[in-house]
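The values are calculated or read from the model by the stated rules, or taken from the named source; none is laboratory data. Remember, it's a predicted structure, so these values are computed and weren't measured experimentally. Here the Cβ positions follow ideal geometry from the backbone for every residue, glycine too, while neighbour counts run over all protein chains shown.
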Amino acid sequence: MNALEIKNLSKTYPDFRLENISFTLPSGYILGLVGENGAGKTTLLKLILDMLRRDSGSVTVLGRDNRDGFRLTKQDIGVVLDSVGIPACLNTRQMGKIMALTYTNWDEPYYEALLDTLSIPRRKAFQSMSRGTQMKLGLAIALAHHPKLLILDEATSGLDPVVRDEVVQMLREFALQEDHSILICSHIVSDLEKLCDYIAFLHRGKLLLLEEKDRLLEAYGLVLCEEGDLAALPQGAVQGKRVNPYGVQALVKRERIPAGWDVKPVDIENLFILMTKEEVRL
């Protein structure tokens, strides 16, 4: 069973359109969604969670249409959105009591263990917590009812590098089970590169690509040269470029580059920047 099946999903606003999004997330895998502010990432997540009414298309979550009996499916979904959504006056113990009445699989000992692991105070009100601690609490709540699918929007935002690394490891361990999957959006692309099996690029409401991370990094590379040298490359080889006073850094498709050219590796962040902006001048 696939964790997610999205087909031709669309949503239109007066000044924005999420257009014909289609992809599948197999169970047991992690998909990282990369996109600039306003690309439609949060809109997409809210459509998946049936928090917004879609204009067209279909959304299947853990084998169920998200508008048909989705109340049962939500028991198997853990969610951390950019706005965690916990009442400001409540502390962690009070939230635990509420969640125990909300989720049939709520695991109070595991919740307490997560609070310890993430160094979250027991009695401090949510409104008095730092942004990073609020996100950690959201993650603890999302994990403590043993979901099969995690949907995370900027879940590592506001965390210091040490805690971010701990959270990434925790998410990686979660996804080791065959029936566990994660859909995660983050501006910290290095976290996605360490964590994800698949990477998707969302740009101005359109899905530019979705590919296995390793295949994506194998398919593209960087060429460092003079700008005039790019004319010697076959049509379609160059996918974007960054120009500076010392030359040009070109994003290329490796399969279209003739022998003899030095093609260097590219990371996911630069791949996205250069692919979505045809030319970057410094």
**Q.** Single match in Ile86, Ile48, Ile151 (criterion: on the phi < 0 side of the Ramachandran plot, more than 18 Å from the chain's Cα centre (by Cα) and assigned by TED's automatic domain parsing to the domain that holds Thr24)
**A.** Ile86
(Q) For the stretch 226-261, which positions are over 30 Å from Thr12 (Cβ atoms) and buried (at least 16 other Cβ atoms within 10 Å of the Cβ)? (A) Leu233, Ala237, Val238, Lys241, Arg242, Val248, Gln249, Ala250, Leu251, Val252, Lys253, Ile257
Q: Give the residue, chosen from Gln169, Gln177, Gln127, that is out of contact with any Pro (no Cβ under 7 Å at 6 or more places or on another chain), under 26 Å from Asp50 (Cβ atoms) and of a type outside the set (D, E, K, R).
A: Gln177
**Q.** From Leu72, Leu33, Leu47, residue being under 15 Å from Pro147 (Cβ atoms) and in contact with a strand residue (DSSP E or B) (Cβ under 8 Å, 6 or more places away or on another chain)
**A.** Leu72
Q) Do we have Leu25 as in contact with a strand residue (DSSP E or B) (Cβ under 9 Å, 6 or more places away or on another chain) and either under 20 Å from Tyr198 (Cα atoms) or free of Cβ contacts under 8 Å to residues at least 40 places away in the same chain (or both) here? A) yes
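Results for (1) in a helix (DSSP H, G or I); (2) within 15 Å of Asp267 (Cα to Cα); (3) touching a residue at least 24 places away in the same chain (Cβ under 8 Å), shown as yes or no for each residue.
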{"residue": "Val163", "(1), (2), (3)": "yes, no, yes"}
{"residue": "Gln169", "(1), (2), (3)": "yes, no, no"}
{"residue": "Glu178", "(1), (2), (3)": "no, no, yes"}
{"residue": "His187", "(1), (2), (3)": "no, yes, yes"}
{"residue": "Glu218", "(1), (2), (3)": "yes, yes, yes"}
